[in-house]
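The structure under discussion appears below in the form of structure tokens.
The values are calculated or read from the model by the stated rules, or taken from the named source; none is laboratory data. Please read these numbers as outputs of a predicted model, since none were measured by experiment. FYI the Cβ positions are ideal-geometry reconstructions off the backbone, even for glycines, and counts take in every protein chain you see. Surface areas here come from the heavy atoms of the whole protein model, side chains and all, with no ligands, DNA or RNA. Shrake-Rupley method; radii C 1.70, N 1.55, O 1.52, S 1.80 Å.
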Amino acid sequence: QVGPVAADTATHGGTGGLEGLGRRAAGGMGISPGDVPRVPAKDGVADRGVGSSARRRSAAARLTDRTARALSLEAAHKSAADLYAESGDARAIKNRTHDDLHKEYPMMCFCSADDPKGTCCWRLEGHDGRVPWLMKFLWSFPTFGWFALKYLKVGWMHKFYVDDYPKASLGTIAFSSVLSVLIDAFTDPKMATWTDNLKSKYGRRKPFILASAIFVPLISIGAWVPGIVGSGAAASIWYGVFHVGFKCADTLFLIPHDAWGAQLTPIYKEKTQIWQLRLIMQSVGILCGTALAPIIFVSDACTSTPNDGCLALPLIAVFFSVIFIESCIQLVWFGKEGKNDVPESAVSTEGAKFSDSDTLPMLISTFLNAPFRILLIGDIVKAFGTEIPFAVMPFIASWVLGEKCFETSTIFGLMVVVSLVSGVVAVPLWTMLAAKTSKFCAYVVYHLAQVLAAFSVAFVDADTGDCVYSYVSVALFGIFGMASGGSFLLFDLISDVVDYDELLTGGRRREASYLMSVEFIPKFVSIPGESIPFLLLAYFQYTRPLSSADSRAACTTDAFCHNFYTNTTLGASSCGVDGCEELLASGVQFICNNAMGTCGIRQNESVRWTLRACAAIFPCFCLVCGTIALLFYPKAARDEATHEQLLLAISRLRRGEVVEDPWRPGNFVHPLEPLPAIVAGPLSYLLPSELKYVAEAAASDDQDAANFAHVVRRCIVLIAGSLVVLPLGIWGVVAGWEDMSDDLGASVSPLGLMAVGLSMCGVWFGSARLHATAALRQARATRRDVATMYNRTCSFTGSDRLAASGF
């Protein structure tokens, strides 16, 4: 045990002298720095744990004995109580030297009650290697301003652009929404690889956070002043440009920021606290941006009086932008980033045309990570269903619940506020559950709670005037909000998966790549959820409300409204171009909306059940499928003990040892074998199955040369298949172009545009890999090179390695 420790000690700087040697030696053996006795203070006070006979010996002799005693200890799994006597809510960092901890996690505080220098003023018992709450708040506070700006836009901008003076085209707005997601398909992965691999003296995340402090406010404020260009088509284009710009701002800020949070601490339970605080800031920001500020300051001048202009909404955007700028600058100035020292064998040489840090290899390798793949599949299935309720919820409030007791805007506002507040209140409960069981168990319970909350919405029915269903709906949204309070657990689990990726890749940290995937990919597949419900509503003869307030007769009973609108001489002309008889034939009923004192309509039964299915039944089915996917999550990765063993394995791997994968027992991870950069980069574009096929199939003219014909054929087939889908997508865009002007959004154009995007992604995926194989042929890659790259992927797949002697 002495050899590896001595070698590890020699490679690290930090505290000098014999004390530094003792600390580093202990750290190399998996012992907390606090376990190594301190050097006696200069005032002659005896060191703890040393007998009277030892005190009479020289300081150098005593320290030599203690160092030898540390070197003789075996690395062992220690409990939280052994390492934190005062509180057992966290576990120590295994097998890391004291200097390594400061370098990799600089926002952690190591003050201790036993330290002669004292402790932090707000933590008298000492932090003992934890992140202070002030640092957690410093990191999480920018999310408040960001989500306030985002949901101010989500909640109010659509109605402002359509009903107020911009008079923007609904078709352009819908098309811009889909186009922005397609742009995200290329910018999000690029940003993730850029921030993960950035080499800057300011860090990997700070430059992007600082740029966000400038770009985000410009986009957020500019989007609210379309009056600069006028109304109509010009305002529609203005919306489209700034909507795409807002998506770029989302990429610029959120990906680096969340990646920074994943590298604040390696302590299992403290990660939960960090993501818990982020969710609280996010929820409070959404509440302020969607409900509190607009309800207090926004009048009808900004939503329904086209000739009055609007000043309140831009000023609210300015207010939240100032908060965002201040929080970002504070984070950049006071925040500290850890060093990301990657072993030379783990990365390609700079300047190579192809690199394993490129977007495509990054996507391939992250998907090969088995625990992450399970989480991602579950999140994709869940997102496909849970995005639909948000699109149809205003329709649920209007046409399923009705306006017998409350106006639609009032009841919907109550639902949103109750949901957000209950979500914030429930965060500590989810944190407690994660601490008592495990993060994974709490995440499964979170899925099940969302299943029950979604299913309960199916029982919401029309209010008859006694307000029972109205209050029940608000209560159900409170339950839904409490269930959603556990959403931070996904990011918490992803933080642990990033540690696992560090083991599989030989020391690389790719926080942004993983967090980007769980944010973007579900967002991309949720596009159909924004279109399919409205296509179904149109198919089942959805009826628009009565055209104007003048055509809605004052009423007190449903019978009066029915008689009024079925009377051809009184109310028939108020039913629009279809006429009242056509509405009655489609199943529409005329009722009295008591909350407004005027007559209105009730949609036919098919429309109401379509809304229930979109808001409850289909999301419930998707959530159940996502929960089933979680059952395949590796059992060895579900608790805290194996995570600590994972940190130990990472340290041993960095010393050049072959280690057993703690999350996949029986599989061994080897240090990365050296590989020429000219072939390492292009080979990272190939899938493991392709690498194995090429390594085992020799070329006919040269037994050592690699034959990539199989890979080329697969790339050509993918490109050809993608090009077949392209004209179908273009046809869908053109066929539904006129329907995009419909206020329901019942158009197939968004689906057609999504097909175009998928086709482009397929062409890009195949073309990039085709160019990589051409580079491999030019570099004359050998079967041994391919086998070496395949052996690297065995850490991810758990497959048997190829013997080097066979090549």
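Points worth noting:
- Any hit, segment 323-345, residues being assigned to a helix (DSSP H, G or I), at pLDDT below 85 and under 27 Å from residue 797 (Cα atoms): yes
- The set of residues from segment 226-246 being of a type in the set (A, V, I, L, M, F, W, C) and within 30 Å of the chain's Cα centre (by Cα) comprises 237, 238, 241, 242, 244, 246.
- Residue 569 modelled with pLDDT of 75 or more, over 30 Å from residue 622 (Cβ atoms) and of a type in the set (Val, Ile, Thr): no
- Hits in segment 642-671 - residues which are in contact (Cβ under 8 Å) with a residue 40 or more places away in the chain, part of a helix (DSSP H, G or I) and open to solvent by less than 30 Å² (accessible area, probe 1.4 Å): 643, 644, 646, 647, 649, 650, 651, 653
- Residue within segment 672-691 that is surrounded by fewer than 20 Cβ atoms within 10 Å (Cβ to Cβ), within 24 Å of residue 370 (Cα to Cα) and in contact with a Phe, Trp or Tyr (Cβ under 7 Å, 6 or more places away or on another chain) present: yes
- Output for segment 769-795, where each listed residue is open to solvent by 20 Å² or more (accessible area, probe 1.4 Å), in contact (Cβ under 8 Å) with a residue 24 or more places away in the chain and of a type in the set (A, V, I, L, M, F, W, C): 770, 775, 779
- Cross-chain or 6+ apart pairs with Cβ under 8 Å, segment 714-737 first and of a type in the set (Lys, Arg), then assigned to a helix (DSSP H, G or I) and crowded, with 19+ Cβ neighbours inside 10 Å: 714/690
- Qualifying position, being closer than 23 Å to residue 608 by Cα, of a type outside the set (A, V, I, L, M), at pLDDT below 90 and in contact with a Pro (Cβ under 6 Å, 6 or more places away or on another chain), among 386, 408, 359: 386
- The criterion of at least 3 residues that are open to solvent by 20 Å² or more (accessible area, probe 1.4 Å) and farther than 30 Å from residue 795 by Cβ is met by the following helices (runs of 4 or more DSSP H) wholly inside segment 424-528: 439-456, 468-484.
- Residues in segment 173-199 that are touching a Gly at 6+ places or on another chain (Cβ under 7 Å) and surrounded by fewer than 22 Cβ atoms within 10 Å (Cβ to Cβ): 3 in all.
- Residues that are among the β-branched types (Val, Ile, Thr), more than 31 Å from the chain's Cα centre (by Cα) and surrounded by 13 or more Cβ atoms within 10 Å (Cβ to Cβ), drawn from segment 718-732: none
- So residue 202, is it of a type in the set (Phe, Trp, Tyr), farther than 29 Å from residue 762 by Cβ and open to solvent by less than 30 Å² (accessible area, probe 1.4 Å): no
- Pair list, Cβ < 6 Å and 6+ apart or interchain, from segment 100-123 residues that are under 17 Å from residue 650 (Cβ atoms) and of a type in the set (Ser, Thr, Tyr) to residues that are modelled with pLDDT of 70 or more and open to solvent by less than 20 Å² (accessible area, probe 1.4 Å): 105/265; 105/338
- Residue 537 being part of a helix (DSSP H, G or I), farther than 27 Å from residue 374 by Cβ and open to solvent by less than 20 Å² (accessible area, probe 1.4 Å): yes
- Of all positions in segment 368-379, none carries a residue that is assigned to a helix (DSSP H, G or I), at pLDDT below 85 and open to solvent by 30 Å² or more (accessible area, probe 1.4 Å).
- Residue 782 touching an Asp or Glu at 6+ places or on another chain (Cβ under 8 Å), of a type outside the set (Lys, Arg) and at pLDDT 85 or above: yes
- Residue in segment 280-290 that is touching a Ser or Thr at 6+ places or on another chain (Cβ under 7 Å), β-branched (Val, Ile, Thr), under 30 Å from residue 640 (Cα atoms) and modelled with pLDDT of 90 or more present: no
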